[in-house]
Amino acid sequence: MEFFKQFDMEVFTCGSVACNAKDIEEQAKELKAKGAEIFLGHIPCWTWPNLVVRAAQAMDMPTVLVANDDPGTHATVGLLGGGGALTQVGIDHVRISSDFEGPKKGLFEKKMMPYIKAASAAGRLKGKTFGLFGGRSMGIDTGTFDPMQWKRMFKIDSDHIDHEEIIRRAEVIDEVRIEKMFDWLTSNVKAVNYNEKFTKEKLKYQIACYFATKDIISDRSLDFAAIKCMPDMTNFRIPQCISTAFLNSGYDADGNFEPFAIACEADADAALTMEMMKLLTDGMQTMFADVGHVDYENNLIFLPNCGSMCTWFAGRHCDGCENLKNVELMMANRPTGGAVTYMNPSPGKITLARLCRNTGKYEMIIMEAEFVMPNQGIVDGFKKARGIHQLPVAFVHTDGNHPDFW
């Protein structure tokens, strides 16, 4: 087991080899009680296939079968016999035949670890609660979801919260909390561009809404969320850009906390995608954006957000204040004004992903890409085209396979 300890996972074992049904049942209970999420079955030699099936059924979790590659051990026979039996009864699993050293060295890292990370993330989705603030935003059908489908497929519950609950709570947030966050935010960002529609009072109201939303998340034990915001809040209250920016970032005036995946425009499938990505990366920050423009000539995709971006991406620094040095608070071009977190994510590799449904069946589109900062001419041209409606935007360089992207 010393070999497996080098990987980014905790390994639980039992004190002896399971050689019969009784051993298997007892060890399965012991391993599950320790918190095991993936069953790693070691087959060092010939093994009765029915015992492999019994073990996989007793564990009832994602399964990896591992055997050595020595022709003298009959491990290959045991692996294929056990794996074949699992296939016959419909238990999905991964088979790895490799010695720790030799020509197949690295197979564990390449084949086992991606599966284990994915299986762990899928398992951790079970039992989570999704919070939906408001309803469908501006007729965006692709942001809607079926709560019963989620419950059936992902074992995720959902909780609906009206916007009015944010407003009600914001009105009674302690002024001390608001002032502390206001001072911290305005003293750390690159610039605060006040005008007649973006005032100190409106920024403080946005901060109050942020704390109201954060308190609701805590009180109702939400794990991830999406908020409608437009057009209700933007037209008649205040944009919720501060809330989504800092919940996704995982820090505020009170310090660091676990990033909370929350999507704009009540986009449930985006929020679920973000939560999956967060789980796959051991809790890293995620961000939400729209596809605003595709520049064929320069192989760029422009990803603006309606006013909020996870500020962590402004610097990718563990110290939130360092990230904020690259963020400006600018006027939200909405009827109620307020601030947007204007920024361009710092250059670096990124994974783009999106859950979507084709006639009700879920698919996921995934692209490897890179955040870049284009030449000033491209940036200035985009700003000119946008006019007064300036938003935070990510410039993403791709391989140029635009037909597939569309």
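The values are calculated or read from the model by the stated rules, or taken from the named source; none is laboratory data. Owing to the predicted nature of the structure, the values given are computational and were not obtained by experimental measurement. FYI the Cβ positions are ideal-geometry reconstructions off the backbone, even for glycines, and counts take in every protein chain you see.
Might you let me know whether the range 343-356 holds any residue that is part of a loop (DSSP other than H, G, I, E, B) and buried (at least 24 other Cβ atoms within 10 Å of the Cβ)? Full working, then the answer.
To start, the set of residues in the range 343-356 that are part of a loop (DSSP other than H, G, I, E, B) comprises 343-347.
Restricting the remaining residues to those that are buried (at least 24 other Cβ atoms within 10 Å of the Cβ) gives 343, 345.
Yes - at least one qualifying residue is present in the range 343-356.
Hey, any hits in the range 176-187 for a residue that's farther than 30 Å from Ala314 by Cα and either within 19 Å of the chain's Cα centre (by Cα) or surrounded by fewer than 12 Cβ atoms within 10 Å (Cβ to Cβ) (or both)? Checking the range 176-187: not a single residue is farther than 30 Å from Ala314 by Cα and either within 19 Å of the chain's Cα centre (by Cα) or surrounded by fewer than 12 Cβ atoms within 10 Å (Cβ to Cβ) (or both). Across the range 283-314, the qualifying residues are those that are among the charged types (D, E, K, R) and part of a loop (DSSP other than H, G, I, E, B), and the one among them that is nearest to Cys264 (Cα to Cα) is Asp290. When the range 374-399 is filtered for residues that are loosely packed, with under 14 Cβ neighbours inside 10 Å and either among the charged types (D, E, K, R) or more than 29 Å from Phe145 (Cβ to Cβ) (or both), the ones remaining, listed by number, are Asn375, Gln376, Gly377, Asp380, Gly381, Lys383, Lys384, Ala385, Gly387, Ile388, Asp399.
For the structure I just gave you, tell me whether Ala56 is more than 30 Å from the chain's Cα centre (by Cα), closer than 23 Å to Gly90 by Cα and surrounded by 18 or more Cβ atoms within 10 Å (Cβ to Cβ).
Numbers: more than 30 Å from the chain's Cα centre (by Cα): no; closer than 23 Å to Gly90 by Cα: yes; surrounded by 18 or more Cβ atoms within 10 Å (Cβ to Cβ): yes.
No: the conditions fail for Ala56.
Criterion applied to Leu65, Leu132 was being farther than 27 Å from Lys32 by Cβ, crowded, with 18+ Cβ neighbours inside 10 Å and in contact with a His (Cβ under 7 Å, 6 or more places away or on another chain), and the one residue passing it is Leu132.
Screening the candidates Met284, Met309, Met274 for the property of being surrounded by fewer than 17 Cβ atoms within 10 Å (Cβ to Cβ) and either in contact with a helix residue (DSSP H, G or I) (Cβ under 9 Å, 6 or more places away or on another chain) or of a type in the set (Val, Ile, Thr) (or both) yields one hit, Met284. Applying the set (1) outside the structural domain of Asp70 (by TED's automatic domain parsing); (2) surrounded by 15 or more Cβ atoms within 10 Å (Cβ to Cβ); (3) within 26 Å of the chain's Cα centre (by Cα) to Lys117 leaves exactly one unmet item: (1).
One line per residue, one yes/no per condition, for (1) more than 34 Å from the chain's Cα centre (by Cα); (2) in a helix (DSSP H, G or I):
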| site | (1), (2) |
| --- | --- |
| Thr47 | yes, no |
| Leu65 | no, no |
| Gly72 | yes, no |
| Ala85 | yes, yes |
